[in-house]
Protein chains: 2
Amino acid sequence: MNKDVLNGLFRPKAVAVVGASATPGKIGYTVVKNLIDSKYEGNIYPINPKASDILGLKAYPSVKDVPGFIDAAVIVVPSTLVPQAVIECGEKGVKGLIIITSGFSEVGQKDLEAQIVQSANNYGMRILGPNIVGSLSNSDKLNASFAPFLPLAGKASLVSQSGALLIAIDAATYTRKVGFDKLISIGNMADVSIADIVEWLNEDENTTCISLYIEGLKDGRHFMEASRKARKPIVALKAGVSAHGAAAAASHTGSLAGAAKVYGAAFQQAGVLQATDLDNLFDTTLALSLQPPMNGENLLIITNGGGVGVLATDAAEKYGLPLKFAPADVQAELKKHMPEFGSAKNPVDLTGMAGNEWYADSVRFSLSHPWVDGLVVLYCETAMTDPQEIAIAIHKAIQESGEKNKPVAVSFVGGERSAQAMTWLVEHGIPAYGAPDKAVNALASLREYARIKEMAHEDTSICKNENREQALKVINAARAEGRESLTEVEAKQVFTAYGLPVTTTTLAHTEDEAVQMANKIGFPVVMKIVSPDILHKSDAGGVKVNIKDEKEVREAYQAILSNAKAYKADADIHGIAIQEMAPWGTEVILGSINDPTFGPTLMFGLGGIFVEVLKDVTFRVTPVSTSQALRMLGEIRGAPILGGVRGEAPRDRKMLADTICNYSSMILDLADEISESDANPVLVYEEGKGVKVVDARIILKKK
Amino acid sequence: MNKDVLNGLFRPKAVAVVGASATPGKIGYTVVKNLIDSKYEGNIYPINPKASDILGLKAYPSVKDVPGFIDAAVIVVPSTLVPQAVIECGEKGVKGLIIITSGFSEVGQKDLEAQIVQSANNYGMRILGPNIVGSLSNSDKLNASFAPFLPLAGKASLVSQSGALLIAIDAATYTRKVGFDKLISIGNMADVSIADIVEWLNEDENTTCISLYIEGLKDGRHFMEASRKARKPIVALKAGVSAHGAAAAASHTGSLAGAAKVYGAAFQQAGVLQATDLDNLFDTTLALSLQPPMNGENLLIITNGGGVGVLATDAAEKYGLPLKFAPADVQAELKKHMPEFGSAKNPVDLTGMAGNEWYADSVRFSLSHPWVDGLVVLYCETAMTDPQEIAIAIHKAIQESGEKNKPVAVSFVGGERSAQAMTWLVEHGIPAYGAPDKAVNALASLREYARIKEMAHEDTSICKNENREQALKVINAARAEGRESLTEVEAKQVFTAYGLPVTTTTLAHTEDEAVQMANKIGFPVVMKIVSPDILHKSDAGGVKVNIKDEKEVREAYQAILSNAKAYKADADIHGIAIQEMAPWGTEVILGSINDPTFGPTLMFGLGGIFVEVLKDVTFRVTPVSTSQALRMLGEIRGAPILGGVRGEAPRDRKMLADTICNYSSMILDLADEISESDANPVLVYEEGKGVKVVDARIILKKK
């Protein structure tokens, strides 16, 4: 990120509009008018070779004719004229280009798009777009877009990959009462990426929360890095989670991964809160932009109505912040501000008799009590109270408590008077919602944000049991044969090169060699056909287990060979694998895909029926440290099984986490080589007894 | 339900206010004023012994002094005066009493409450309340409550168990633009229940959708019956789903059941849609009150913005209505109403260039095409279009299509202009929402309602393999010994009396008898200690399996006895059970609780780790027919396991369903005897090979 250039792009002191027009209805007219209407205080230079002035401003034939400096140029000329415009801006010393014009990669004109990016970068310029609505900033009084007006002012900034949605959200800020400082349309992301803007907004003094509408990232890892480093909360709505890749997957892991799961993992790892829908994006943005994180689990709810109290209690459980009863001293104090039949437990029910004073007293006391980590205040509109007075009482009590590090959210259920009181609260920095569960969910988001911040201290050191040279030797040998998948024996050799504990497996080419190897490994052994032409080994009669002595080895050798030939006469047979027969353990599966957006991504789940029927798996973008892997083990629904159930001893989670860490190193180090992989099953033994990878599969990247 | 009496209660032609007051601020004043302000057209009779007129109306000392008839009396006098007021109303021939007064069972005055109900019923009157806000009806211009005004007019009617929430919702109808015909506060439900009102609203000409806020039902089965018979959609928000009973459960099933699960099952069985939160209650009510059910799976989405189209696509998958591509002829026609770069697949993207005509043409065509079962129309506010014109175009196109049996929902994302256009749409019968996923969820609700209607034709015939006498003999014998739980042998005798296929189990009192029984059953057998004092048989060394011959029977007999004596010297030992050793099968669990609200309720789940770790179970209020049981089998996450996985043959689902049906008959027939029960494990064999109940447990009701 070049901060000076991006400052010029997003907070310009002077703006040119290349393609400005005097004809109402044209975008070149709308942009100039919007800059004027938004009361932009820098110079506005309309650029049009045929006009002398536009909307009362002097027009110039080219940016090069403008007497003063230009920070940003908004470009609206047809796509064929954009390259020349870019060159002229470069020669003028413009910093940033806001290219509204469409007709680039979105309609297949990838070369034209690459050309203007190259050209701009040569001059040290950055491009926002092309194919965008523009960029808006309340604190700069800048509407450099064809969206009709600046949004309701607020402390969050939104980046949107959909222009139409940005325009609609712009209008919706006024009805929803959720304000933004900046709205940035990002379009084709030919140059400036969402990651770049996250980095820049993290430094922007007028932004307290970064809000994103994402359809698809280009560089997932840059986005993760920028988000992880940000000191401001980030909330993202990812659209298109149901649009799974239609391509058939070559591995088990490939068939279980989808955009939703990989993006979900990446957001979690990058500390990005994921919005569930458009309403939730607004609701969460409001909370994150106005309130501090919630640094503990103790949520207190104050209400004047039992009904909404119960709904909020349900919501607290649903959103992961289950209520606890308030301690005795809290209850004793609160009892003073309610009638006999009220309740001081949690939710605290002041009853319908509650007026301004009771609200104020209980809010002030609760917020200053050390047990309380966050507060939700609910109010049901009554005939006897004035919502605006209740709002003022709540706000005043928060001020008087002196507490600045505990979040508060409010919900008023009622009509127009309540709506107005909630607008007033939001204007005074207190997020307010029309339904009790939304206020609870707002606190849950602030709690989640605090947890993310805590996780930043987690150990992220990576395992380094690498023998890259050995792995590449195996892979290159397979490629030399024109293959794009490794045999089990080869895959295990690659696994071994990265410290993964595979069952001992050697390749016998003769019956005698098989006997010798079996004796060395120790009985019983498993024998399997090894042939790139036979993928379904069991179906071909190519697997024999529990072989107990030399005689059985010889019998199995002959049987497997003859079965294989009967199955496929011209199969290329590498030999027969002689394999240690691992004792029974808890089955798990590890695997990987090379995600087009995020690169090598690891999957973990319980094996057998759990993965096949329940698809009970969890993902991580690599690298994955041992600490992070331990957390993965707890994320699946079947997690208690690793802790030991039905009288079994706990499984060796530490060794399993180490194995995940090594697996992560392997697929990251071999990112250019491995497309997909599975270790299935991996057997996990009792604590201290380790794990064994029983079967291995690697699909290579096409080269 | 006495329809005439309830008509008098909810749609009175003349109303008395007992406790009317001339003093502003008093409830007796507010109610009279509200009746006047709502322009009630029947006679209003203020009753007050000390006033001659109130708010311009002639007042009477008692209802008995009123010259004309009185249908309903609103009672606001203090609780101690209510009994006398009830008697006077009874003598006057009043039909229904709306008792606003509080101070009854909610503060422990159960006798007083029972007394007024008894007294009212003796006169043939019904009581709404006590402890309520009152009753409001737009079509009757009746505000017989202390809520400040009639709600926004609409076609749904709401029953609320929370008075405060009812008042808040009353105001919220105007800001949310969701109208109601009636708002009924139900309070303590001393007499008229939610079930009674559901039955009555089902006959009410001004109600198209019944909307419920429920904290806790009193008679669950009456509610289920009334709801099942209703010909109108019902949507319920159940509050308090997180408040699990804190009492320790005696059975496995008891520990897995909670209010949320049992209510969820009951709602599903009764055809009641369950709202997820307050917003969803409003949203679903709007859809159900205005639109027909969706009688097929084909949802078409029309949009002018790709972004909201993608969000709606995600929502469609999330809410169980995944999108399919429209057929070729639909696409071909739609392609005519969009630019080249639009998309006619599904979602149909008319692009930001879409104006009124394109919307109208594509809506009209789509709705009249036989492939389309339901339509969602999305619109992102743009600078170039007028939301109101788009709304008019959509409405006109729907009219012109002539289609009345396919639902439509709309979402406009934008500001004030869009909000106004959506209000207009709702006023014209088209549900409209501020976010695309809500419009999709509205159609999902209408689809769910259609599925519920289809299910009404399901076979509900009950299994009748009963030998009640035999079961009671076993139970009474145990009770005679002062026990409240049956031994395994006894429980299996009860199970057998209801046709449940238990493993053959007989009780041996001597070693020789054990040998004789084992020979009769056939080896191998299982032997278990039978003692009401030893609940954890395995822990006591009281179980031996896979006993293969007479010698082993004798050894096991001695070993079990001596282990049992070592474990608990004074244990009352009934003998040793000799039991058929069932071959391995898929483990499932059946069980029951006697729910305080719904009575005997059955649970089904996969056994072992599935139930212990994943709690993958499903519930049904009894009775459960074989057809209904088959549907239960498909509801658990592990359902595919019964279909056969990893090369196994499909399990005998038919016999398992029959077993569930018999189990249901048992717990329903013995509802007065059985508190909780488990059949765990039940082994399910291949199709045609049946099931076996291996272990049985029955906890008796305290008497």
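For chain A, the cysteines with no partner cysteine C-beta closer than 4.7 Å are A:Cys89, A:Cys209, A:Cys380.
Want the number for B:Glu205 to B:Lys701: 0.36 nm per residue separation, take away the alpha-carbon distance, what's left? Write down the numbers at each step before the final one.
Details: separation 496, 0.36 × 496 = 178.56 nm, distance 4.48 nm.
Gain in length upon complete extension: 174.1 nm.
The mean sequence distance of close C-alpha pairs (under 8 Å, at least 6 residues apart), as a share of the length of the stretch A:49-138, puts its relative contact order at 27 percent.
log10 I(q)/I(0), Debye, Cα-only the stretch A:523-581, no solvent, q = 0.17, 0.21, 0.30 Å⁻¹? At q = 0.17, 0.21, 0.30 Å⁻¹ the computed log10 ratios are -0.47, -0.70, -1.26.
Dipole magnitude for chain A: computed about the Cα centre from +1 point charges on Lys and Arg Cβ and -1 point charges on Asp and Glu Cβ, it is near 740 debye. Here is how far apart the A:Gln420 label points are across copies: 2.0 nm, shortest first, using a point 7 Å from Cα toward Cβ. The residues neighbouring B:Ala316, those whose beta-carbon lies less than 14 Å from its own, together hold a net charge of -2 under the Lys/Arg +1, Asp/Glu -1 convention. Report the Rg/Rh value for the stretch B:484-599, based on alpha-carbon coordinates and the Kirkwood definition of Rh. Computed over Cα atoms, the ratio is 1.01.
Spatially, the stretch A:116-153 and the stretch B:367-385 are offset by 31 Å when compared through their Cα centroids. Global dimensions of the stretch A:135-234 from alpha-carbon coordinates: Rg and Dmax equal 12.7, 36 Å. Under a model in which nothing but the beta-carbon of Lys, Arg (+1) and Asp, Glu (-1) is charged, the stretch B:406-555 shows a dipole of about 500 debye around its Cα centre.
Restricting things to alpha carbons, find the Rg to Rh ratio for chain A using the Kirkwood radius for Rh. Walk me through the intermediate numbers first.
Numbers: Rg = 31.5 Å, Rh = 29.2 Å.
The Rg/Rh ratio comes out at 1.08.
Residues of the stretch A:359-387 with backbone nitrogen within less than 17 Å of a virtual label 7 Å along the Cα-to-Cβ line of A:Asn295, please, listed as ranges. Inside the label zone: A:367-375. Size descriptors for the stretch B:100-183: radius of gyration and Dmax over Cα atoms are 14.7, 44 Å.
Would you mind counting up the charge near B:Phe610? Only other residues with Cβ under 10 Å from its Cβ, with Lys and Arg at +1 and Asp and Glu at -1. Walk me through the numbers before you get to the answer.
Details: positive: B:Lys615, B:Arg637; negative: B:Glu587, B:Glu612, B:Asp616.
Result for the neighbourhood of B:Phe610: -1.
Given in Å, the Rg to one decimal and the Dmax to the nearest whole number for the Cα atoms of the stretch B:567-703 are 15.9, 50. Take every pair of alpha-carbon atoms less than 8 Å apart whose residues are at least six positions apart; their mean separation over the length of chain B yields a relative contact order of 9 percent. When the stretch A:572-640 is described by a simple charge dipole with +1 on each Lys and Arg Cβ and -1 on each Asp and Glu Cβ, the residue from A:Ile636, A:Gly575, A:Leu590 located farthest towards its positive end is A:Ile636. Label point of A:Ala114 (7 Å along Cα→beta-carbon): distances to the other copies' equivalent points are 8.7 nm, sorted ascending.
Looking at the stretch A:401-540 from every direction and averaging, what is the projected area of its Cα convex hull in nm²? Write down the numbers at each step before the final one.
Details: hull surface 75.1 nm².
Taking a quarter of the hull surface, the average projection is 18.8 nm².
In plain terms, the chain from B:Lys50 to B:Lys218 could stretch by 56.6 nm, reckoned as 0.36 nm per residue minus the Cα-Cα distance. In the stretch B:561-601, Rg over Rh equals 1.21, where Rg is the alpha-carbon radius of gyration and Rh the Kirkwood radius from pairwise Cα distances. Placing R0 at 41 angstrom, the Cβ-Cβ distance between A:Trp371 and B:Glu225 gives a FRET efficiency of 0.30 after rounding to 0.05.
Average projected area of the Cα convex hull of the stretch B:20-102, in nm²?
Numbers: hull surface 20.7 nm².
The Cα convex hull of the stretch B:20-102, projected and averaged over all directions, gives 5.2 nm².
Length gain on complete extension for the stretch A:Lys110 to A:Glu484, per 0.36 nm per residue less the alpha carbon to alpha carbon distance? Let's see the in-between values first.
On the way: separation 374, 0.36 × 374 = 134.64 nm, distance 3.02 nm.
Net length gain for the segment: 131.6 nm.
Kirkwood hydrodynamic radius (Cα pairs, Å) of the protein assembly as shown? Don't skip to the answer; put the middle values down first.
Numbers: mean 1/r = 0.0277 Å⁻¹.
Here the Kirkwood hydrodynamic radius works out to 36.1 Å.
Here the spin labels are modelled as points 7 Å beyond Cα on the Cα-Cβ line, and at B:Glu333 and A:Ala153 they lie 5.2 nm apart.
Rounded to 0.05, the FRET efficiency of the A:Thr423 and B:Leu81 pair, given R0 = 56 Å and the Cβ-Cβ distance, is 0.80.
As a length-normalised measure over Cα pairs under 8 Å and 6 or more apart, the relative contact order of the stretch A:603-703 settles at 24 percent.
With its label point defined 7 Å out from Cα along the Cα-to-Cβ axis, B:Asn405 lies at 6.6 nm from the matching points of the other copies, in increasing order.
Selection among A:Ile54, A:Ala360, A:Ile169 by position relative to the dipole of chain A gives A:Ile54 as farthest towards the positive end (Cβ unit charges, Cα centre).
Once the mean 1/r over all distinct Cα pairs of the stretch A:605-647 is inverted, what Kirkwood radius in angstroms do you read off?
Details: mean 1/r = 0.0893 Å⁻¹.
About 11.2 Å, per the Kirkwood formula over Cα pairs.
On the principal axes of its alpha-carbon atoms, the stretch B:448-525 has extents of 63, 35, 21 Å, going from largest to smallest. In this structure, the pairs whose alpha-carbon distance is over 25 Å, taken from B:Lys177/B:Lys396; A:Lys182/A:Lys229; B:Lys3/B:Lys218; A:Lys404/B:Lys238, are A:Lys404/B:Lys238. Modelled this way, with points 7 Å down the Cα-to-C-beta line, the labels at A:Phe341 and B:Ile462 are 4.0 nm from one another.
Taking a cut-off of 19 Å, what percent of all Cα-Cα pairs in the stretch A:200-357 are separated by more than that? Within the stretch A:200-357, distances greater than 19 Å cover 67 percent of Cα pairs. The DSSP beta bridges internal to the stretch A:106-197 are antiparallel in roughly 60% of cases.
So, R0 is 51 Å and r is the distance between the beta-carbons of B:Ile36 and B:Glu635; what FRET efficiency does that work out to, to 0.05?
On the way: r = 53 Å, r/R0 = 1.04.
Step by step, r from the Cβ atoms, then E = 0.45.
Where the only charges are on Cβ atoms (+1 Lys, Arg; -1 Asp, Glu), what is the dipole of the protein assembly as shown about its Cα centre, to the nearest 20 debye? Numbers along the way, then the final one.
Numbers: 138 positive and 164 negative charges, 226 e Å.
Rounded to the nearest 20 debye, it is 1080 debye.
Scaled against 2.2 N^0.38 Å for its residue count N, the alpha carbon radius of gyration of the stretch A:327-445 is 0.97. Farthest towards the positive end of the charge dipole of the stretch A:431-536, among the residues A:Gln493, A:Phe523, A:Ala432, is the Cα of A:Ala432, using unit charges on the Cβ of Lys, Arg, Asp and Glu.
Readers should treat all values here as calculations from the given coordinates under stated rules, not as data from a laboratory. Since we're looking at a predicted model, the values are computed, not measured. Reconstructed Cβ throughout: ideal geometry from the backbone, glycine too, with neighbour counts over all protein chains shown.
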